[in-house]
């Protein structure tokens, strides 16, 4: 390729601003106050989120650390930790970076100061609402989407405010084309709205109580379509946008490859959406969906690395700066962790690897490599870069910033390596079968007890990471103290955009050797002038983003809901009794799903340990599904009838009394608190609206529940327990646990062979009556 | 494609950020295409080829292999007196019973059968067992109003027999127990031949 032709084709063909009327200039001032507000809250929430994480980590190593306080029991605190880390810390970091960079990339102040403030205060109030409702047991029971319906509505509204503000700013921009960072912001705005709304669809059953409109396998599918893409469009695309702005800014080097950014942007946006079902390998989710989830994850490897390459290669010619600039240090390590996680992710989504890694701490290692390494370090680098600019002073101490970097890096490595070891160790122990076909670690608790040293090491890693954050807080406060009495507000000027009259001319083919015409056509296409055109048409661009994510979603969602054979019904599976339903509500409220799966996979070591593998037809009345994603405790899918009522009662009172090595919190409050029998009727009615075939229960849910509770309480006494549990919460929870997985055997299966297919009748579609 | 020493800068400038017109790295393209080709082949094979298998097929095959590993030598056992007595002294097969016990029973009966929530099985007193075959019956159907669950849907018949043999073998160890003596002292197990 000749040098001159490259220059020729890379020339921007839109030449409207260069016209003589450019003399008319507009002046504007950026709103940096809002950036400072978001940045302070990023700092506050990273402290809160990681401290909550440290506490839950210690509770696993030392169950007594929860002090028997319901509000900080593992099952309630862990969702608070994840929500605080994702939506409070990462969320505010994203908003900090977007509000700073968008104004400059658009040469325009934010569209509306009022919307900016509404967005800021709305989001912080949502976080406070989460911090109040999650510890008090108000949860929808879907991971990373735990917040109850009024808060869900608030999130949607605040997101719309944010979107209007961003698109408004883009509309009044003074820069013709949108830089790649803005593409990623648009993808985030569009897709997060879609994911949040469709996964959170639920029928309210009280002021802070609702049931997902989806059930069982379909709910699982929607949840992980959401869950995986929350990672994609909340923790990946916006941070790539931040990287594209702050990395070249800090390195003072041009971005490595414009073409690579186009290709990896569109392939990420289109492919990420499909990958969700890789969270459901070997489950009752249909196998074709799980296969697609795996394959699209494998294909995502290079699109993800495209971003990493563009980030790291931008440092070409600036590597010497990395040795002394803490900002670049954070960025380099952040991008490196991004590349490591996006290699590990596709690897873990391969079914045979997932058979080992699923339900173990390997997943925990994976997400923390991403969250601490990528989201954390990009955010910290950004904060150190922004602080002197926003506070209009010098950073108080480069030395402390470097110290933060090293504390954080060592912390992450200790964390991730200990959890890799724990995860692979436990995965291998679970599947260990000796030459005579017997489980090598038949007692589940042995596989847990083995991990305790790793849990302490993990807590140490987390503590180091937090120590680094504390150093940052100090550095930020000292920097802020040296700010000027009044911030300068520099006035910028730029010409307004005129309507673009010129159309991008098709670039000439760069091929000099004689070829067929189609090759020239392809080469012209590959030079992406068409994309350059989209970059100045935000509406067109956004529509194509929406088309990409919606089409990709529908390819999987439509068959999941419409193909009847996906979920063959089982005649003997019937709805929960009113008391069992109340018990299930307690199970959800206490966050039991954070430690217990309810999904036995068709793997020999697993069916030996827990019983026959779970069938899709068994969870058709589960609004929401409770398959879980981690097995800190044993699987509960066939818990019904495995232990006596009395055993459960004693176990809830103090698990270590019956199982000395158990790490489960004591749930003594469930033995004391009275069940609200009066609310059960309303809950049963909502379930009926969702299509659960309740009939005789309507109108007498409370009497039925009281009768069943009295019977269980009577049996507890017969089994040698104390009387008086007729109206306690624990009785409902026991009723629910004793029901789990038992319906499969209600019509007699083929005698003898335990793996014989159960009484399966003709497939019927459910959920979308 | 030849790489010049300094790549071409595009005339893009956003708040001072410029972009190079570097081509995407060749290895990147190759790996990307390789993953796409792999995915297409994988999908077509596993969705449409008669030679493919599902996860359930693989599981069913592993169940057969596992049963053969475990029970090929002994065939299907009957839960009668002679069989339970016979295996209660057979070191090798007692291991299967111990294994099943460790998987399912220790949460109530203790790691060594000493009793926690359920009774001690290392002494001579039994609650629901009069003869050695009663052990298998209790495992199969449960007892004491559900305090002892029924295991018939969860265990292979051979596992029931071998677990019964293992439990029978615990008798006489008289381990210290948190439980009081429960039930009645029953006659010793019959002797094997």
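Yes/no matrix, rows are residues, columns are (1) surrounded by fewer than 17 Cβ atoms within 10 Å (Cβ to Cβ); (2) modelled with pLDDT of 90 or more; (3) touching a helix residue (DSSP H, G or I) at 6+ places or on another chain (Cβ under 8 Å):
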| site | (1), (2), (3) |
| --- | --- |
| A:502 | yes, no, no |
| A:524 | no, no, no |
| A:530 | yes, no, no |
| A:541 | no, yes, yes |
| A:562 | yes, no, no |
Number of the condition not met by residue B:158 [criteria: (1) more than 14 Å from every other protein chain (Cβ to nearest Cβ); (2) in a helix (DSSP H, G or I)]: (1)
Search result, residues across segment A:199-212 that are in contact (Cβ under 8 Å) with a residue 40 or more places away in the chain, surrounded by fewer than 20 Cβ atoms within 10 Å (Cβ to Cβ) and more than 14 Å from residue A:138 (Cβ to Cβ): A:203
Boolean, residue A:766 is assigned to a loop (DSSP other than H, G, I, E, B), under 33 Å from the mean Cα position of the chain (by Cα), modelled with pLDDT under 90 and crowded, with 16+ Cβ neighbours inside 10 Å: yes
Residue in segment A:643-659 that is surrounded by fewer than 18 Cβ atoms within 10 Å (Cβ to Cβ), under 27 Å from residue A:78 (Cβ atoms) and facing chain B (nearest Cβ under 10 Å) present: yes
Among the candidates A:124, A:103, residue that is at negative phi and within 14 Å of chain B (Cβ to nearest Cβ): A:103
Selection within segment B:83-128 - over 29 Å from residue A:656 (Cα atoms) and free of Cβ contacts under 8 Å to residues at least 60 places away in the same chain: B:91, B:92
Count - residues of segment B:27-54 that are at the interface with another protein chain (Cβ under 7 Å from one of its Cβ atoms) and within 13 Å of residue A:303 (Cα to Cα): 5
Hits in segment B:161-176 - residues which are more than 28 Å from the chain's Cα centre (by Cα) and either under 22 Å from residue A:647 (Cα atoms) or at pLDDT 90 or above (or both): B:176
Any hit, segment A:616-631, residues being under 30 Å from residue B:97 (Cα atoms), in contact (Cβ under 8 Å) with a residue 12 or more places away in the chain and either under 25 Å from the mean Cα position of the chain (by Cα) or surrounded by fewer than 22 Cβ atoms within 10 Å (Cβ to Cβ) (or both): yes
Selection from segment A:86-110 of residues that are more than 23 Å from residue A:249 (Cβ to Cβ) and crowded, with 21+ Cβ neighbours inside 10 Å: A:87, A:88
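So that you can scan it fast, the table gives a plain yes or no per residue for (1) within 22 Å of residue B:63 (Cα to Cα); (2) part of a loop (DSSP other than H, G, I, E, B); (3) in contact with a strand residue (DSSP E or B) (Cβ under 7 Å, 6 or more places away or on another chain); (4) more than 9 Å from every other protein chain (Cβ to nearest Cβ):
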{"site": "A:596", "(1), (2), (3), (4)": "no, yes, no, yes"}
{"site": "A:600", "(1), (2), (3), (4)": "yes, yes, no, yes"}
{"site": "A:607", "(1), (2), (3), (4)": "yes, no, no, no"}
{"site": "A:612", "(1), (2), (3), (4)": "yes, yes, no, no"}
{"site": "A:625", "(1), (2), (3), (4)": "no, yes, no, yes"}
Residue in segment A:410-431 that is closer than 26 Å to residue A:610 by Cβ and surrounded by fewer than 17 Cβ atoms within 10 Å (Cβ to Cβ) present: yes
Enumeration of residues in segment A:167-176 that are part of a helix (DSSP H, G or I) and in contact with a helix residue (DSSP H, G or I) (Cβ under 6 Å, 6 or more places away or on another chain): A:169, A:170
Some residue of segment B:139-149 being under 25 Å from residue A:657 (Cα atoms) and in a helix (DSSP H, G or I): yes
Qualifying position, being closer than 24 Å to residue B:148 by Cβ, more than 14 Å from chain B (Cβ to nearest Cβ), at pLDDT below 95 and out of contact with any strand residue (DSSP E or B) (no Cβ under 8 Å at 6 or more places or on another chain), among A:726, A:695: A:726
Selection within segment B:84-125 - under 21 Å from residue B:180 (Cα atoms), out of contact with any strand residue (DSSP E or B) (no Cβ under 7 Å at 6 or more places or on another chain) and more than 8 Å from chain A (Cβ to nearest Cβ): B:105, B:109, B:110, B:112, B:113, B:114, B:115, B:119, B:120, B:121, B:122, B:123
From the options A:305, A:288, residue that is within 11 Å of chain B (Cβ to nearest Cβ) and at pLDDT below 95: A:288
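The values are calculated or read from the model by the stated rules, or taken from the named source; none is laboratory data. The structure displayed is predicted, hence computed values, not measured ones. Please note: Cβ atoms are built from the backbone with ideal geometry, for glycine as well, and neighbour counts cover all protein chains shown.
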